[in-house]
Structures are given as structure tokens and as C-alpha cells.
Amino acid sequence: MKAKNIYKIVNTVFILCSFLFVLSVQSQQLTTLVDEALTNNPEIQKFELQYKIASEKVNEVDTLPNTEIGVGYFVSEPETRTGSQRFKVTAKQMIPWFGTITTRENYVSSMADAKYEDIVIAKRKLVALVSESYYNLYANIAKQKVLTENIRLLKTYEILALTSVEVGKASAVDVLRLQMRQNELEQLKQVLMQQYLAEQTTFNKHLNRDKAIVINVVDVLNIPLENNLITIENLTVHPELTKYDKLYQSIEQSELLNQKESSPMLGFGLDYIAVSERPNMIFNDNGKDIVMPMVSLSIPLFNKKYKSKTKQNELKQKEITFQKQERFNTLETLLDKAIKNRVSARISYNTQTKNLKQAKNAEKILVKSYETGTIDFNDVLDIQELQLKFQINQIESIKKYFLQTTIINYLTT
């Protein structure tokens, strides 16, 4: 039992530490949010109660069959040499074959162990969901900041355009185009705000709290210079796979129990018959009550259910083996895909960074052109649109990197 408790503590520590090592010091609040989710999430509480119910079943099976007690009254009292029989009391207790109750306890305990893996899996999934929602919120806010910055930039260009119109170097159409572009960005920003509120609700409900609570995410997330080493061997002990091992063991215990239950059952009993004295007669044992101890044996001679149960257990073990292999293949595919996607996210981020730097250089050139007295506001809009595109793609690359890291951590930590 101590070993099982240590196992639970270690699993909990792993879950609390998972998915967080890639964050900067500023994002330590995510650790607190994850801890709150693990404490308050109703799904986790549901699985914990299911595990407690499964564990309590050990006490349920630690019992003997019901004691049988019978009372009979002789309506017509039979006469014997020692007197007439008045009533009869019978008590009988069946006892399972030696070791059956212990085997039954082991079987129920193994089922509880398999149920505990559901808690571990649910906690891992919850940490992944909270982290995913957190990164979505970060990306949303980052995009809103970029849009705000671009709107401010366009307002600056609008002032330049108005000045150019006054001196005859630009037309009113240029001003209108700049204003329309501002309207488009303002619309995108408002849409993002609504999406943020929806994601905020999702995040808060993972923590089982009011949907309107504001989440303070980090200001900046940077992709690490190097990826952490991924240990593929950890995938083999993932709780989704460990659960199949526990189920396999429970089938083994089920078969041991089946063998025990196919053995005979012993019965011990006692019959007591009350006898009345014969009147006007004097002799030894006159009216002496009858006490008859009994021993019985219940043998399943013609019961085929135990052989059928053995065959079912063999088939179930094969099924679990195939299910585990199927799930391992799926998890391995997910892990490989996440690793490759994370690499592609880094490549995309580096590319967008280069493009953004070049777009800013082009923007500086345009500003210089205005100082010399010439500026093409069509070029301004094109460069601004490219710059916004690169900034949004950069944010998406960061989000993608951390979302893929979340998947990798779910599978390997």
C-alpha cells in the first residue's frame, strides 16, 4: 500500500511539472493556474470518486455467503420413542474454497489500479487543455497588440497623406484608402476581442470558475534556442498504455478467481429439534432434544460456465494486447507529428523574423522618400499589409511551437 501511495505522489508531481519547463520566469502564473484546474475541475473529481468507489469494493467482496437460518413447526407432531417433535431450527454456513476471498480481493484491487490510471490520464489531458487555451489567449492578445500598432502606424501615414494633399503631392483617394485600411484592421481587432472572450470562457471553465474572470498571460513568449531532449522511451510507460497493462493484470486475477470459484464449497450447519416428554413414562432420554451437526459439499459437476469464463479471459487478454499496440502506434504517430510540426514552427518563425526585418527596412525607405518630397501611398499600404502578415505569422509560429511542445510533454513526461 505504501508503494502505491508513492506511485500516486510521483504521478501527481509529474503532472504538475509537465508542460511548464518551456515557459519563461514571467509565466510562472501558469503553474498556479494548472494547479487550480487540477484541484477544482469536476471531471478530475469525477474520476477520483470512481477510483474511491472501485477501491471500496475490496471491502464489499471480503465477505462470506449469507448464513442460512430456518425454523420449522410441526403441525402434526411426529411421535418418536423419546417423545413428539415440536419444531425444528436449522443454521447453515457455506464457505468458499481456501484462498477464494483473498483472490477476489486481489481481483477487485487490480480493477481499482486500472481505474486509477484514468485519473492520471485525465490530469494529463487537463494540463494539456489548460496550456493550449493559455497559448491561444497569448496569441490572441499578441495579435490585438500588433493590430493596434498597425492602426497607429496607418494614422501616422494618414497625417502624412493629408499634408501631401495640401501641397498637391497626393490625392484624397490616398487618404480614403488609408482610412479604409484602418477600418479593416479595427474590424479584425474587434473580431479578435470576441474570440478572446470565448477562449477566456473555455479557460475559466477548465478551472471550474466564473467565465468572466480575466486571465493575465505573459507579455512575451520566445522560442528557445534549442529544443529539449525528447526521450522516446517514456512513451512506452505512458498512462494510456500502462492502463492496458493494469487491465491485463486484472484479467489474470479474474482467471485466478475463476479457478478458485470452480472449486467445491464447504458447508457447516446445525439442526436442532425440540422434543416433548412422553407423559406418564419414566425412562432415560425422555423428551431429550435432538442436535445434529452437518457438513456439506457443493461441487459444480455439470457447470460449464467456469470453462467458458477461462476461454473468455484468454480472448480478453489477446484483445487488450492488440488494443495496447494500436494505441501505442497512434501515440507514436502523434509524437512524431508533433516533433516535426515543432521543427517547422521554428523554421517558419525564423523566416517570418527575417521577412519582418526587411519589411521594416522598406518602411524606413518610404519615410525617407517623404523627407525628399515624394511618397507612394500604394507602396505604403503594400508594405504595411506585408508587415502585418509577417507579424501575425510570427505569432502563429510561436503559438504552434508551444502547442506542439504541449503535445510532446503530454506524451513523454
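The values are calculated or read from the model by the stated rules, or taken from the named source; none is laboratory data. The model shown is predicted, which means the values in this text are computed figures rather than measured ones. Counting neighbours? That spans all protein chains shown, and the Cβs are built from the backbone with ideal geometry, glycine included.
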Problem - Among the candidates ILE320, ILE375, ILE383, ILE392, residue that is surrounded by 12 or more Cβ atoms within 10 Å (Cβ to Cβ) and part of a loop (DSSP other than H, G, I, E, B) - result: ILE375
Handout entry: Considering residues of segment 282-302 that are under 30 Å from GLU252 (Cβ atoms) and surrounded by 11 or more Cβ atoms within 10 Å (Cβ to Cβ) only, the residue modelled with the lowest pLDDT
Key = PRO300
Practice task
Test ALA161 against the criterion of being part of a helix (DSSP H, G or I), surrounded by 20 or more Cβ atoms within 10 Å (Cβ to Cβ), under 41 Å from the mean Cα position of the chain (by Cα) and at negative phi, and give yes or no.
Solution key: no
Fill in the blank from the handout: Taking segment 41-81 and the residues there that are under 23 Å from ALA112 (Cβ atoms) and among the basic types (Lys, Arg), the one that is surrounded by the fewest Cβ atoms within 10 Å (Cβ to Cβ) would be LYS52
Exercise for the section: State the number of residues belonging to segment 358-377 that are touching a helix residue (DSSP H, G or I) at 6+ places or on another chain (Cβ under 8 Å) and touching a residue at least 12 places away in the same chain (Cβ under 8 Å). Expected result: 8
Handout entry: Search result, residues across segment 229-244 that are surrounded by fewer than 16 Cβ atoms within 10 Å (Cβ to Cβ) and assigned to a helix (DSSP H, G or I)
Key = ILE232, GLU233, ASN234, THR236, VAL237
Completion exercise
How many residues of segment 197-215 are in contact with a helix residue (DSSP H, G or I) (Cβ under 7 Å, 6 or more places away or on another chain), buried (at least 18 other Cβ atoms within 10 Å of the Cβ) and either free of Cβ contacts under 8 Å to residues at least 60 places away in the same chain or not in a helix (DSSP H, G or I) (or both)? The answer is 2
Practice task
Please state which one of ALA114, ALA91 is part of a strand (DSSP E or B) and under 57 Å from the mean Cα position of the chain (by Cα).
Solution key: ALA91
